[in-house]
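> This structure is in structure tokens; I'll ask about it shortly.
The values are calculated or read from the model by the stated rules, or taken from the named source; none is laboratory data. Remember, predicted model here, so these are calculated numbers, not experimental data. Cβ: placed from backbone, ideal geometry, glycine included. Neighbour counts: every protein chain shown.
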Amino acid sequence: MGKKIISINEGKLSEFKLHSIWLRERLNGSEFVDQNNLQRLYEPSLLDDNLFINSHNVNENILNVEFSDGAKGSFNIDDLYNEINNIDVIPEKKIWNVSEQNFYTALELTSHSDNPYRKPVPGIQLLHCIANESTGGDSSLVDGFSVANFLRHNQPEFYKVLTEINVTFKFTDIDTILVDEAKLIELDHNNNFRQIRFSGRLDYVPLLEENNLDLFYNARKYMFKLCNSDDFKIKFRLSKGMIAMFDNLRLLHGRTKFDPNTGFRHLQGCYIDHDVTEGKLRRLLKP
Ligand SMILES: [Fe+2]
């Protein structure tokens, strides 16, 4: 029987209890994250609730772990320690491999908001469909406020952690490391919804007490389920010439996977500021 929490008896991490999912979602092998930007290739909300650590050992500052779902990998103890203690380190420079520069993916994109690691997060997103001839690649939008409202009324405990726990969002590539922390559901001073950030490829919850981590992971999983359920999703297909324009502080967007071998697909995206767009709308509504 594996363990949900492990402690490492010696060295820097001896005072911390490490949670199975917290470690699992930090695996950084090529089967788990894109090696160019460290974005996860899977949805962490779909990890097994009862994930255990089957075995672990420490060898020369490297923690090796095998999980109950078959995943395994290694962690540098210093990296874990620095993350837990919010110590920013200048990363080791790696030789750039040109053939790996392509950020483009044909994988399914589950509902997410863009660039939650930016300050400020891009306000309005435009997606201009130049071509959409591939099989698959249908678009979807979800009203994050409506999901948050459902949580508020039906899952108050989940709602509480999602509005209270600060999560780190991090984007890494060859040029930059962008980091910000925020709640998945951000409220204003009147407890009205202000902003939704949801991007399972880029979020890192701090190492909290086991109960709080369990609650957070259950809450995030539940929110993921809602955001990807037909109860909340509007599905449509962009065709050549169409532009989808939506509020990235409120809506989540997604896309089914597509097969790049079946035709040309090109969506050109850009962002514009929220305030000027809202300001123009206000002006137009109040001539
Ligand atoms: Fe996106």
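> For the range 138-155, enumerate the residues that are within 19 Å of I243 (Cα to Cα) and away from the ligand (no atom under 13 Å from the Cβ).
Answer for the range 138-155, where residues must be within 19 Å of I243 (Cα to Cα) and away from the ligand (no atom under 13 Å from the Cβ): D138, D143.
> How many residues does the range 219-254 contain that are out of contact with any strand residue (DSSP E or B) (no Cβ under 7 Å at 6 or more places or on another chain), among the charged types (D, E, K, R) and touching a residue at least 12 places away in the same chain (Cβ under 8 Å)?
Final tally of qualifying residues: 3.
> Considering the range 202-256 alone, what residues qualify as being within 16 Å of the ligand (Cβ to nearest atom) and among the polar types (S, T, N, Q)?
Listed by number, the residues that qualify are N228, N248, T256.
> Return yes or no: is L63 buried (at least 17 other Cβ atoms within 10 Å of the Cβ), modelled with pLDDT of 90 or more and assigned to a loop (DSSP other than H, G, I, E, B)?
Considered against the rule, which asks whether it is buried (at least 17 other Cβ atoms within 10 Å of the Cβ), modelled with pLDDT of 90 or more and assigned to a loop (DSSP other than H, G, I, E, B), L63 comes out as no.
> Residue under question is L109, and the condition is that it be at negative phi, within 14 Å of the ligand (Cβ to nearest atom) and touching a residue at least 24 places away in the same chain (Cβ under 8 Å); does it hold?
yes
> Here is a check on your reading of the model: is L252 in contact with a Cys (Cβ under 6 Å, 6 or more places away or on another chain) and either under 22 Å from K160 (Cβ atoms) or not assigned by TED's automatic domain parsing to the domain that holds L23 (or both)?
So L252 passes the test.
> If I filter the range 253-275 for residues that are closer than 12 Å to C129 by Cβ and of a type in the set (G, A, S), do I get at least one hit?
yes
> Yes or no: the range 199-216 includes at least one residue that is surrounded by fewer than 19 Cβ atoms within 10 Å (Cβ to Cβ) and of a type in the set (V, I, T).
no
> Here's something else I'd like to know. Hand me the list of helices (runs of 4 or more DSSP H) wholly inside the range 144-245 holding 2 or more residues that are under 20 Å from I84 (Cβ atoms).
156-164, 210-227
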